[in-house]
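Peer 1: Below are the structure tokens for one structure; questions will follow.
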Amino acid sequence: MKPLHHHLLMLAGIALTPWILTTALAGEKDMSVLIYRGSIWKYHNLDIAPPQQWNLPDFDDKKWKRDYAQMGFGDGDEITKINRGPSLTSQPVSFYFRRTFDLDAPMIGTQLIIELLYDDGAVIYLNGHEVKRINMPQGKIQQDTLASRDSKDNETTKFRVQSEYLRKGKNALCIEVHNASPQSDDISFDAQVTMDLRYTSDMPVVEKMPVSPQETVAKPAARGSARAHKPFNKTLEFTILNEKSRWRFRHMQRPPYPEWNKTAFNDTHWKNGRGIIGYGNGNETTMIPKPNSGKRPLTYYFRKSFNLYHSPQNKHYLLNLTVDDGAVVYINEKEIARVNMDKKAKITHHTPALSRIAQSQKIQIPIQPELLQQGSNLIAIEVHNGSQSSSDLAFAATLHSNEPNKPTAKKLQFPAEDALLKSGDIWHFYDGATPPVKTWNQPNFDYAGWRAGKSPLGYGNDDESTILSHGSDPNNKVPSYYFINTFQLNPAETKSDLIAKIIFDDGAVVYVNGQEVKRCNMPKGAIQHHTQSATQSRENASATFQIPHRFLVQGENRIAVEVHNASPNSSDISFDLELYKAQQ
């Protein structure tokens, strides 16, 4: 490897409830993952050493940055690229990272299995106690201590740690990674921690997957305390996900991280597209490209998060799956069905479907309401071909219910007599890759050349009246969208404030008659076309705010809104706005 940072010290934080042992590893009944590869870690990247207590559970890391592993720079495979300083001679010599987890009881006799990716050396601490050194010299480790030698790029190791340093309540895993030279041009870090239950004398019950998951669709198998839901004959007239819904997907020769089907997994680096997704059938909406090697993978992975706005209790749900050749289906991390796959075998990235089918099959899978929750839910599906030489692959899924699924926040209902703008009105909009003219939000701007459509406007949420363009590059989408509308006021009405309710995803800036009146989830300072929102908002975030009457004029008034995404590969954008006169 080539030379740059002295070292990285790593540590991050999360509280797992109600207990850390929530999921057993598939095929390993006595194992449970505490920290997955690709998890969020807290880190500090200044060219000064952290306080001496940085590796203790109660250290205050609120000012530290946080992001997803794999972390580092210089190798091109990082999920999070760490800033290494302005030049080779002016770089921070250390990075500090924290990850915490909670235990409801001391784990007497337990062993932890730590799998570490590092480059070049590392020191590992558990609750402030050093438990392992890898490729590091003896003696006290300082901020500028170099690793003993250059390692291979993305070196990996696996080792066990006894439970003597674990404690009830908050625990902290801390890892410092050192380079072998101050001029090294790369650094790498990721880690996974698994608890070995075979060494535990008294452990809570861990929910395990049934030995024989459902292969047919007649009746789902019971999970844990959840009883099997009886088949139903009702017409499920309400669609939650349609065939053209957007899914995240992965198609690579090497397998994904084992936690790919977990709700906390970060899939923002996966590609996304609308069903039908696949190749070789001629009916695909999203074509999966052939890899440069010319050899397609055997297995493909799909994820879709969606919000359920009602309580699932006593409701009915049906998943319609189009697949070729086989599939395994998970709802909120629980396997619920296997289609054309071995019922008892452990399924891996290299497991073929039981048979090759001539054309895609359509399967109906009832979903127990106990598996869903009000709020965010995840469907994860792995699709397996019968062989790597298969000429086609197909995937699409729809989800239906006997209960409508609409957010209460989206129902922007005002007194009809007070409404100046309402949901469903026509807005003029600009969705180009280059910015509009700087005067686009001014009252005299001529927007006659802009397109127009009914609100809500956007893409990726399946509830839009008008679909906006996101450009041709899925990894570099249109960053910002611009909307204009007008409303009329008489002289008396200009003396009273207005109330606006906006739906946005991810951030928005609102102008009235050329003057900024509101920012929603946007940074301070000048806003440019490529300015990203402050954070990634929830889907269809909303805000209600007052527009002071000093911004209003008699006759025609103009309202202009710009909506910004949080990242270049964002899967969706949303906008709607209603405006009404404040009641006196």
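Peer 1: Determine which single condition Pro491 fails, assuming it passes every other condition in (1) open to solvent by 40 Å² or more (accessible area, probe 1.4 Å); (2) modelled with pLDDT of 95 or more.
Peer 2: (2)
Peer 1: A further question follows. Among the residues of the range 538-552, is there at least one that is aliphatic (A, V, I, L, M), at pLDDT 90 or above, part of a loop (DSSP other than H, G, I, E, B) and closer than 18 Å to Tyr430 by Cα?
Peer 2: The answer is no; no qualifying residue exists.
Peer 1: Right, here's the next one. Does Asp47 satisfy the criteria of being at pLDDT 55 or above, of a type in the set (Asp, Glu) and not in a loop (DSSP other than H, G, I, E, B)?
Peer 2: no
Conditions (1) touching a Leu at 6+ places or on another chain (Cβ under 8 Å); (2) at pLDDT below 80; (3) open to solvent by 60 Å² or more (accessible area, probe 1.4 Å); (4) closer than 25 Å to Ser151 by Cα, marked per residue:
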site: Asp30; (1), (2), (3), (4): yes, yes, yes, no
site: Val93; (1), (2), (3), (4): no, yes, no, yes
site: Phe97; (1), (2), (3), (4): yes, no, no, yes
site: Pro106; (1), (2), (3), (4): yes, yes, yes, no
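Peer 1: State whether one or more residues within the range 531-546 are open to solvent by less than 50 Å² (accessible area, probe 1.4 Å) and out of contact with any strand residue (DSSP E or B) (no Cβ under 7 Å at 6 or more places or on another chain).
Peer 2: Checking the range 531-546: not a single residue is open to solvent by less than 50 Å² (accessible area, probe 1.4 Å) and out of contact with any strand residue (DSSP E or B) (no Cβ under 7 Å at 6 or more places or on another chain).
Peer 1: What's the total number of residues in the range 516-537 that are under 16 Å from Ile503 (Cβ atoms) and part of a loop (DSSP other than H, G, I, E, B)?
Peer 2: The qualifying residues number 5.
Peer 1: Separate question: Tell me whether the range 317-327 contains one or more residues that are polar (S, T, N, Q) and either crowded, with 20+ Cβ neighbours inside 10 Å or touching a Phe, Trp or Tyr at 6+ places or on another chain (Cβ under 9 Å) (or both). Don't jump to the end; show me each part of the working.
Peer 2: Of all residues in the range 317-327, those polar (S, T, N, Q) come to 320, 322.
Narrowing further to those that are either crowded, with 20+ Cβ neighbours inside 10 Å or touching a Phe, Trp or Tyr at 6+ places or on another chain (Cβ under 9 Å) (or both): 322.
Looking for residues that are polar (S, T, N, Q) and either crowded, with 20+ Cβ neighbours inside 10 Å or touching a Phe, Trp or Tyr at 6+ places or on another chain (Cβ under 9 Å) (or both), one finds at least one in the range 317-327, hence yes.
Peer 1: For the range 54-71, enumerate the residues that are in contact (Cβ under 8 Å) with a residue 60 or more places away in the chain, more than 20 Å from the chain's Cα centre (by Cα) and farther than 19 Å from Asp102 by Cβ.
Peer 2: The answer is Trp54, and nothing else.
Peer 1: Within the range 550-580, how many residues are over 21 Å from Gly514 (Cβ atoms), of a type in the set (D, E, K, R) and either open to solvent by 20 Å² or more (accessible area, probe 1.4 Å) or in contact with a helix residue (DSSP H, G or I) (Cβ under 6 Å, 6 or more places away or on another chain) (or both)?
Peer 2: Number satisfying all stated conditions: 0.
Peer 1: To continue, here is another question. Could you run through the range 334-348 and say how many residues are surrounded by fewer than 18 Cβ atoms within 10 Å (Cβ to Cβ) and either within 20 Å of Glu259 (Cβ to Cβ) or of a type outside the set (Gly, Ala, Ser) (or both)?
Peer 2: 5
Peer 1: Let me ask you something else. Could you please tell me which pairs satisfy a Cβ distance under 7 Å, a separation of 6+ or placement on different chains, a first residue in the range 456-481 that is surrounded by fewer than 18 Cβ atoms within 10 Å (Cβ to Cβ), and a second residue that is of a type in the set (S, T, N, Q)?
Peer 2: Every condition considered, the pairs that remain are Asp462/Asn242; Asp462/Ser245; Ser465/Ser455; Pro474/Asn272; Pro474/Asn569; Asn475/Asn569.
Peer 1: Working only within the range 349-402, note down all residues that are touching a Pro at 6+ places or on another chain (Cβ under 9 Å) and open to solvent by 60 Å² or more (accessible area, probe 1.4 Å).
Peer 2: Once the filter is applied, which keeps residues that are touching a Pro at 6+ places or on another chain (Cβ under 9 Å) and open to solvent by 60 Å² or more (accessible area, probe 1.4 Å), the range 349-402 yields His350, Glu370, Gln373, Gln374, Gln388.
Peer 1: Grab the strands (runs of 3 or more DSSP E) fully contained in the range 269-330, keeping just those with 1 or more residues being of a type in the set (Val, Ile, Thr) and farther than 30 Å from Glu237 by Cβ.
Peer 2: Per the criteria, 299-308.
Peer 1: Counting just the residues of the range 403-429 that are within 28 Å of the chain's Cα centre (by Cα), open to solvent by less than 50 Å² (accessible area, probe 1.4 Å) and of a type outside the set (A, V, I, L, M, F, W, C), which one comes out modelled with the lowest pLDDT?
Peer 2: Lys410
Peer 1: Does the range 556-566 include one or more residues that are over 27 Å from the mean Cα position of the chain (by Cα), part of a strand (DSSP E or B), farther than 30 Å from Ser472 by Cα and not basic (Lys, Arg)?
Peer 2: If we filter the range 556-566 for residues that are over 27 Å from the mean Cα position of the chain (by Cα), which is where we start, we get 556-560.
The next check asks that each one be part of a strand (DSSP E or B); those that pass are 556-560.
Now restrict to residues that are farther than 30 Å from Ser472 by Cα: 556-558.
Next, from what is left, pick out any that are not basic (Lys, Arg): 556-557.
Yes: the range 556-566 contains one or more residues that are over 27 Å from the mean Cα position of the chain (by Cα), part of a strand (DSSP E or B), farther than 30 Å from Ser472 by Cα and not basic (Lys, Arg).
Peer 1: Let me ask something else about it. Among the strands (runs of 3 or more DSSP E) lying completely within the range 386-500, list those that include at least 2 residues that are under 18 Å from Glu578 (Cβ atoms).
Peer 2: Of the strands (runs of 3 or more DSSP E) lying wholly inside the range 386-500, those with at least 2 residues that are under 18 Å from Glu578 (Cβ atoms) span 419-421, 426-430, 451-454, 457-459, 480-489.
Peer 1: Let me ask something additional. Out of (1) of a type in the set (A, V, I, L, M); (2) open to solvent by 20 Å² or more (accessible area, probe 1.4 Å); (3) at pLDDT below 75, what's the single condition that is false for Leu21?
Peer 2: (2)
Peer 1: Just the residues that are out of contact with any Asp or Glu (no Cβ under 7 Å at 6 or more places or on another chain) and either closer than 17 Å to Leu116 by Cα or modelled with pLDDT of 80 or more (or both), please, taken from the range 185-203.
Peer 2: Once the filter is applied, which keeps residues that are out of contact with any Asp or Glu (no Cβ under 7 Å at 6 or more places or on another chain) and either closer than 17 Å to Leu116 by Cα or modelled with pLDDT of 80 or more (or both), the range 185-203 yields Asp185, Phe189, Asp190, Val193, Thr194, Met195.
Peer 1: Could you list all residues from the range 494-511 that are open to solvent by 10 Å² or more (accessible area, probe 1.4 Å) and modelled with pLDDT under 95?
Peer 2: Narrowing the range 494-511 to residues open to solvent by 10 Å² or more (accessible area, probe 1.4 Å): 494-497, 499, 501, 504, 511.
Listed by number, the residues that qualify are Thr494, Lys495, Ser496, Asp497, Ile499, Lys501, Phe504.
Peer 1: Taking the range 521-571, which residues are in contact with a Gly (Cβ under 6 Å, 6 or more places away or on another chain) and under 24 Å from Tyr447 (Cα atoms)?
Peer 2: Passing the criteria: only His564.
Peer 1: Does the range 376-384 include one or more residues that are assigned to a strand (DSSP E or B), at pLDDT below 85, of a type outside the set (D, E, K, R) and over 23 Å from Gln253 (Cβ atoms)?
Peer 2: Yes, that holds for at least one residue.
The values are calculated or read from the model by the stated rules, or taken from the named source; none is laboratory data. Given the structure is predicted, the values throughout are model-derived calculations rather than measurements. Glycine gets a Cβ as well: all are built from the backbone with ideal geometry, and neighbour counts include every protein chain shown. Heavy atoms of the whole protein, side chains included, go into the accessibility calculation; ligands, DNA and RNA do not. Shrake-Rupley method; radii C 1.70, N 1.55, O 1.52, S 1.80 Å.
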